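Encoded as structure tokens, the structure appears first; notes follow it.
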Amino acid sequence: MNLITLSENVRRFTGMQMSRLHFRKQQTELITFTRSISGARRGLLIMPVGRTEWLPVATIVNLLKKRFPERGLTVVTWGPSLELMQMLPHSNFVRVVETEITRFYLPSHGLLARIENAGYDVAIDLNLDLVLPSGYICRASNARVRIGFTSKGSDLFYNFQIKRNPSMARQGLYDRLAACLERF
């Protein structure tokens, strides 16, 4: 293991511990998922980090487009998103730039201020692995339902987790998530 990787792992570990410390006093309420998505009025969608093709998540985007037709959906992106903006013309977009992520892989206070306290009913993180800034944003959104994929440490951020099957392709995992969202 080289020095850069060791330093990066230490920073990630420190960021995870800081997240645990920050969220330790916030108890997650027990909720029923019946109508948790269909009854939602405001949603937060966190796009996968480093992905520029939107085809694998198109099923979810189209589902949320129907559920949140007029300015009810906020989308967090990590890069250019012209195609996504065209797919969701009535949504609010928050583009994260590299300088808004701290050295411990946590979102800056300025970034969180653009997202927090918007009264989200549901937040969905589309990263297949736990990406600390995305998970933190999802938890900090204070959404009643916070959805993500299972991964080491994901319990801290999500109260509804989709089990990953390592042999399943990305498209299949997103289709599974869309099927779960349609049930609720």
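The values are calculated or read from the model by the stated rules, or taken from the named source; none is laboratory data. For clarity, every value in this text was computed on a predicted model and none was experimentally measured. Note that each Cβ is placed from the backbone with ideal geometry, even for glycine, and that neighbours are counted across all protein chains shown.
Worth pointing out:
- Looking only at residues of region 16-49 that are among the small types (Gly, Ala, Ser), at pLDDT 70 or above and assigned to a loop (DSSP other than H, G, I, E, B), we find that the one that is surrounded by the fewest Cβ atoms within 10 Å (Cβ to Cβ) is GLY39.
- Sole residue being out of contact with any strand residue (DSSP E or B) (no Cβ under 6 Å at 6 or more places or on another chain), surrounded by 21 or more Cβ atoms within 10 Å (Cβ to Cβ), over 19 Å from ASN92 (Cβ atoms) and not aromatic (Phe, Trp, Tyr), chosen from GLY172, GLY135: GLY135
- Figure legend. Inter-residue proximity from region 158-181: first residues touching a residue at least 60 places away in the same chain (Cβ under 8 Å), second residues assigned to a helix (DSSP H, G or I) and hydroxyl-bearing (Ser, Thr, Tyr), beta-carbon distance below 8 Å, spacing 6+ or different chains. Indicated pairs: TYR174/THR59; ASP175/THR59; ALA178/THR59.
- LEU6 meets each of the listed conditions (1) of a type outside the set (Phe, Trp, Tyr); (2) at pLDDT below 70; (3) assigned to a loop (DSSP other than H, G, I, E, B); (4) surrounded by fewer than 17 Cβ atoms within 10 Å (Cβ to Cβ) apart from (3).
- Any hit, region 102-122, residues being at pLDDT below 85, surrounded by fewer than 20 Cβ atoms within 10 Å (Cβ to Cβ), under 20 Å from GLY39 (Cα atoms) and touching a Leu at 6+ places or on another chain (Cβ under 9 Å): yes
- Output for region 145-169, where each listed residue is crowded, with 17+ Cβ neighbours inside 10 Å and part of a loop (DSSP other than H, G, I, E, B): SER151, PHE157, TYR158, ASN159
- Scope region 66-92; condition over 19 Å from GLY135 (Cβ atoms), exposed (fewer than 15 other Cβ atoms within 10 Å of the Cβ) and not polar (S, T, N, Q); matching residues: LYS66, PRO69, GLU70, ARG71, PRO80, LEU82, GLU83, MET85, PRO89, HIS90
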